[in-house]
Amino acid sequence: MKPTTAEGTRDFTPDQVLKRNYIFDTIRSVFVKYGYLPIETPAMENLSTLSGKYGEEGDRLLFKILNNGEYLKGIKPADIEAQAYKALTPALAKRGLRYDLTVPFARFVVMHQNEISFPFKRYQIQPVWRADRPQKGRYREFYQCDVDVVGSTSLVYEAELVQIYDEVFSKLNLPVVIKFNNRKILTGIAEVAGIPELMVDMTVAIDKLDKIGLDGVKKEMAERGIGEAAVETITQILAIQSLEELQSALSASETGKLGIQEIQNLLQYLGASTTQQEIRFDITLARGLNYYTGCIFEVQAKGVAMGSIGGGGRYDNLTGVFGLKDVSGVGVSFGAERIYDVLEELKLFPADSSSSLKVLFMAFDDATHLYAFAALSKLRAAGVNAEIYPDPGKLKKQMKYANDRQVPFVVLVGEEEMSSGLLGFKNMQSGEQEKLSIEEIIAKTQSL
């Protein structure tokens with residue numbers, strides 16, 4: 001049998017894992033700096049927890065887990081023949097792989113509400129699964145790096161999340177544009193267009209603007225039952241560039257005006273701080289997930305053809321479906337897989353991100369190999385990542401291994417080095433070699 005991975009999944013080589021850890025460590029360091037705490041949730045959740053939270057398209061992309069035991073017991077042949085999937089699914093599958101980290105987080109908050117302090121600031125870095133069609137930058141198994149705060153409606157947290165985006169991507173040396181909008185503004189557009197009951201259909205269509213273009217969005221809105229006059233009104237409003245014009249266009253909608261006020265407040269907070277990345281209001285930003293109720297965010301990398309590499313927003317009552325009413329939350333997510341692909345394509349990974357090993361010891365016979373092993377232990381005790389080549393002997397073979405591992409320094413131990421206590425210390429990049437004591441080697445490698 002030819003070995004393969006499941007479609008939409010990947011193996012990661014040591015070099016790739018080290019680069020991914022560079023991304024995770026950078027993101028985690030900023031999360032911690034801003035006072036967020038780590039949690040973890042199970043890979044699988046009850047389907048009742050996941051279903052109905054992501055919109056019609058999201059629900060179709062949920063991976064269902066087949067019930068254990070006699071899963072066909074109680075299934076009606078007529079339902080199978082009629083392909084009555086909605087009736088069959090609960091009977092066949094009661095659990096599913098998590099689609100994102102936000103809904104499980106809402107469930108977590110409700111279950112642990114007496115153990116946490118509000119506002120509760122959490123971060124979570126774990127894999128999620130979606131039954132999507134695999135393509136560039138889109139996988140069926142991928143990591144999300146989420147940061148959320150629940151228990152406060154203050155817009156200071158929206159501003160803080162923008163700052164987190166700004167700082168992480170600046171640390172990664174990745175130029176991005178951080179876009180933001182407000183779902184209340186989108187609700188206002190639907191109200192002004194006279195289709196408040198079709199607001200979700202409108203946002204689902206608008207969310208595809210970057211994929212299918214304006215004509216495609218207009219066509220989809222029409223297919224979703226939005227009339228020609230309403231489509232024209234929506235199109236005209238989406239072309240507005242300034243908040244002042246938008247305020248006039250949405251003057252008949254109290255919800256729309258509230259959304260504009262929230263954007264203005266967010267801009268005030270951001271104006272009180274310094275940011276490095278481009279931050280832009282974008283009225284066409286929709287974010288297709290149904291649970292967003294306020295400010296929404298999306299991040300796109302500059303200089304590369306890739307979809308969003310981050311996104312999120314305010315959700316006012318996601319915990320309500322689990323029995324905890326009136327607990328507002330806001331959060332954003334980093335798409336680690338896409339960030340990796342972008343950094344790779346733009347060659348932005350640091351040169352040492354793929355090398356966790358700092359020093360390799362080499363010896364020429366059994367006696368020097370034993371001496372080198374004792375010296376190696378001292379380096380490791382001092383916190384220096386070090387290794388010894390397992391077989392003493394030919395230098396050429398050992399040097400090839402050092403080059404393959406991209407080790408920055410090697411320590412050569414022969415009879416002379418063992419007698420004098422001064423070991424050969426070679427910089428593999430410059431080729432420079434010097435004689436140093438083990439204490440000097442420790443001091444030098446610890447400072448690098």
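The values are calculated or read from the model by the stated rules, or taken from the named source; none is laboratory data. Keep in mind that this is a model prediction, so the values were computed, not measured. Neighbour counts are summed over all protein chains in view; Cβ atoms, including those assigned to glycine, are modelled from backbone coordinates with ideal geometry. Remember, those area values only see protein heavy atoms, side chains included, never the ligands or the DNA or RNA. Shrake-Rupley method; radii C 1.70, N 1.55, O 1.52, S 1.80 Å.
In the chain, Cα pairs under 8 Å separated by at least six residues give a relative contact order of 15 percent. For the chain, the solvent-accessible area works out to 49 Å² per residue, with a probe of 1.4 Å and every protein chain left in place. A simple packing score, the average count of other Cβ atoms within 10 Å per residue, orders the peptides 329-338, 126-135 as 329-338, 126-135, with the highest score first.
A crude spin-label estimate for the pair Gln126 and Ala252, with each label 7 Å from Cα along the Cβ direction, gives 4.7 nm.
Under 20 Å from a label point set 7 Å out along the Cα-to-Cβ vector of Leu348, the amide N atoms of segment 261-291 belong to 274-281. Scoring 208-214, 185-191, 219-225 by mean Cβ neighbours within 10 Å over their residues and listing the highest first yields 185-191, 219-225, 208-214. Here the extension length gained between Ser356 and Thr5 equals 123.7 nm, from 0.36 nm per residue of separation less the Cα-Cα distance. Applying 1/(1 + (r/R0)^6) with R0 = 45 Å to the Cβ-Cβ distance of Arg138 and Met428 gives a FRET efficiency near 0.70.
Under 16 Å of direct C-alpha separation, and excluding same-chain neighbours fewer than eight residues apart, Lys121 reaches these lysines: Lys33.
The mean of 1/r over all distinct Cα pairs in the chain, once inverted, gives the Kirkwood hydrodynamic radius of 25.5 Å. For the chain, the 222 nm mean residue ellipticity estimated from helices alone, with every DSSP H stretch of n ≥ 4 adding -39500 (n - 2.57) and the total spread over all residues, rounds to -12500 deg cm²/dmol. Computed with every protein chain present, the accessible area of Glu245 is close to 100 Å² [probe 1.4 Å].
If R0 is taken as 22 Å, the Cβ-Cβ distance between Lys325 and Val156 corresponds to a FRET efficiency of 0.45. Which of the lysines could a cross-linker bridge to Lys396, judged by Cα under 24 Å and excluding same-chain residues fewer than eight apart? Straight-distance partners of Lys396: Lys358, Lys426, Lys435.
Computed extension length for Lys211-Gln261: 15.0 nm, one decimal, from 0.36 nm per residue of separation with the Cα-Cα distance subtracted.
Taking 0.36 nm per intervening residue step and subtracting the Cα-Cα distance, what contour gain separates Glu416 from Leu370 on full extension? So the extension gain works out to 15.1 nm. Counting only protein heavy atoms and a probe of 1.4 Å, the accessible surface of segment 196-340 is 49% carbon and sulfur.
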